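What follows is one structure encoded as structure tokens, with my remarks underneath.
The values are calculated or read from the model by the stated rules, or taken from the named source; none is laboratory data. Since the structure is predicted, the reported quantities are computational estimates derived from the model, not experimental observations. Cβ placement follows ideal geometry from the backbone for every residue including glycine, while neighbour counts extend to all protein chains displayed. Just so you know, the surface numbers come from the protein's heavy atoms only, side chains and all, with ligands and any DNA or RNA stripped out. Shrake-Rupley method; radii C 1.70, N 1.55, O 1.52, S 1.80 Å.
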Amino acid sequence: MPIKYNIHQDPPRKDAQPSARHLRTVDLKTVDADQFADAMHRHTPLYSKGTCLGLLLDMADTLPEVLASGCAVHIDGLGTFAPRVEGDVTGTGGNLRAKNVKVGSVEFRPDEELLRAVNRHARFEHVLETRRSQPTDEEVDSFLADYFATHVTLRRHQLESHFLISKRRALALLDHLVATHRLQPQGTRHTLRYVRPQ
């Protein structure tokens with residue numbers, strides 16, 4: 001399958017200068033840990049799928065501990081995971097203080113080797129710009145039924161990619177789905193995901 005992308009133009013600038021244009025991916029399919037373990041096993045049959053899945057799950061358990069100890073994690077050929085801190089800064093001059101410090105996100109910087117390997121295999125397909133209207137309830141319900149048949153959690157970007165809608169429209173749609181009890185949010189702002197209500 002190709003990597004689908006569209007050409008997005010930023011809103012008009014107040015200074016009348018040309019607005020920026022950039023490429024962005026659309027309709028990315030999500031591969032979960034089980035599917036990725038399958039792919040690992042096919043790539044290297046020496047390791048069973050169970051072994052591959054176990055390694056992935058162990059990595060997911062171990063990575064937070066190492067990052068929380070003040071380290072960045074570099075895996076040759078893959079890239080570097082590094083904690084990014086955020087907080088509320090108070091004071092002035094040399095008397096600055098930070099409150100509510102936390103790891104707001106984990107940055108990933110890919111190795112050049114990874115980028116070269118991806119580009120060696122990648123094909124690309126240009127698709128039209130995002131739609132201008134919200135999807136209908138019928139479209140959304142059909143998508144949710146199909147999606148949650150094989151996934152446990154949903155993220156905002158998956159709605160954006162599937163329906164070719166903007167971040168703003170995806171957030172509005174998610175608010176509507178939560179208000180109508182079709183989805184339930186979990187996590188914090190940076191790890192927010194959505195599940196089916198129990």
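Table for the structure above
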{"item": "Among the candidates L183, L174, L192, L144, residue that is without any contact (Cβ under 8 Å) to a residue 24 or more places away in the chain, touching a strand residue (DSSP E or B) at 6+ places or on another chain (Cβ under 9 Å) and not β-branched (V, I, T)", "result": "L174"}
{"item": "Only one of D76, D58 that is out of contact with any Leu (no Cβ under 6 Å at 6 or more places or on another chain), acidic (D, E) and more than 25 Å from A122 (Cα to Cα)", "result": "D58"}
{"item": "Any hit, segment 153-160, residues being without any contact (Cβ under 8 Å) to a residue 40 or more places away in the chain, farther than 20 Å from D10 by Cα and open to solvent by less than 70 Å² (accessible area, probe 1.4 Å)", "result": "yes"}
{"item": "When residues of segment 75-95 are limited to those that are of a type in the set (G, A, S) and either part of a strand (DSSP E or B) or closer than 30 Å to E113 by Cα (or both), the one most open to solvent (accessible area, probe 1.4 Å)", "result": "G87"}
{"item": "Failed item in (1) among the hydrophobic types (A, V, I, L, M, F, W, C); (2) under 28 Å from Y147 (Cα atoms); (3) open to solvent by less than 50 Å² (accessible area, probe 1.4 Å); (4) touching a strand residue (DSSP E or B) at 6+ places or on another chain (Cβ under 7 Å), with L23 passing the rest", "result": "(3)"}
{"item": "Flag if F36 is over 23 Å from T188 (Cα atoms), surrounded by 11 or more Cβ atoms within 10 Å (Cβ to Cβ), free of Cβ contacts under 8 Å to residues at least 60 places away in the same chain and of a type in the set (F, W, Y)", "result": "yes"}
{"item": "Residue within segment 115-128 that is out of contact with any Leu (no Cβ under 6 Å at 6 or more places or on another chain), assigned to a loop (DSSP other than H, G, I, E, B) and at pLDDT 95 or above present", "result": "yes"}
{"item": "Some residue of segment 92-102 being aliphatic (A, V, I, L, M) and within 25 Å of Q35 (Cα to Cα)", "result": "no"}
{"item": "Which listed residue, of F148, F143, F124, is among the aromatic types (F, W, Y) and open to solvent by 50 Å² or more (accessible area, probe 1.4 Å)", "result": "F124"}
